[in-house]
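Beneath this line is the structure, given in structure tokens, with notes to follow.
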Amino acid sequence: MSFMAAALAVAEDAGAAGEVPVGAVVVQAGQIIATGANRMLRDHDPTAHAEIVALRTAARALGTMRLSGCDLYVTLEPCAMCAGAIAHARIARLYFAAFDPKGGAVEHGPCLFQQPTIHHTPEVYGGISETAAAELLRNFFRQKRSPAVKNPDALPRTA
């Protein structure tokens, strides 16, 4: 299984739990050392994005806040908060799947890693498994908007 496939599996689990399906894995020396899924609803924490959860877990596992030499695979282009955390953690390489024109901050919006005030810039590779990640997100939000999900009594009746 590829590292992005592992992140997609984590994202699927998040979606099944009712969270926005975003998953992340931190890799060091070819081994997954931490995973993270969106947990904002579960944890009642607006900062519990998949990337933050994975970075925190990896930092605890390694006993350091600097994740130099580690790579991060995430299923959606990171937002500004997550991109800032990636820079502070000193992630070597960022691989992401789906681009996020509305909320992303790596290739869109503030393009954080291109700012002169950023202290560390990882190598960035976007669009890896983009179709699978985008479809996972589309399906999740399609179900959320479905009248049957909002009102279980609206389900079609069978004779």
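The values are calculated or read from the model by the stated rules, or taken from the named source; none is laboratory data. All figures in this text were calculated on a predicted structure; none of them were measured in a lab. Ideal geometry is used to build each Cβ from the backbone, glycine not excepted, and the neighbour counts take in all protein chains shown. The protein model used for the area step is the full one, side chains on, heavy atoms only, and it has no ligands, DNA or RNA in it. Shrake-Rupley method; radii C 1.70, N 1.55, O 1.52, S 1.80 Å.
List the pairs whose first member sits in the range 41-59 and is β-branched (Val, Ile, Thr), whose second member is open to solvent by less than 20 Å² (accessible area, probe 1.4 Å), and whose Cβ atoms are under 6 Å apart, counting only residues at least 6 apart or on separate chains?
Here the result reads Val53/Gly36; Thr57/Ala34, each pair linking the range 41-59 to a residue that is open to solvent by less than 20 Å² (accessible area, probe 1.4 Å).
So Lys102 clears everything in (1) in contact with a helix residue (DSSP H, G or I) (Cβ under 9 Å, 6 or more places away or on another chain); (2) under 22 Å from Glu130 (Cβ atoms) except one condition, right? Which one?
Only one criterion is unmet by Lys102, namely (1).
Inside the range 43-56, can you point out the residues that are of a type outside the set (Gly, Ala, Ser) and touching a Ser or Thr at 6+ places or on another chain (Cβ under 7 Å)?
none
Every residue in the range 70-80 that is more than 15 Å from Met4 (Cβ to Cβ) and crowded, with 16+ Cβ neighbours inside 10 Å, please. Give the steps one after another, and end with the answer.
So the first thing to find is which residues in the range 70-80 are more than 15 Å from Met4 (Cβ to Cβ), and the list is 70, 79-80.
Result: Cys70, Cys79.
State the number of residues belonging to the range 97-132 that are closer than 16 Å to Leu8 by Cα, assigned to a helix (DSSP H, G or I) and either touching a residue at least 60 places away in the same chain (Cβ under 8 Å) or not acidic (Asp, Glu) (or both).
Result for the range 97-132: 2.
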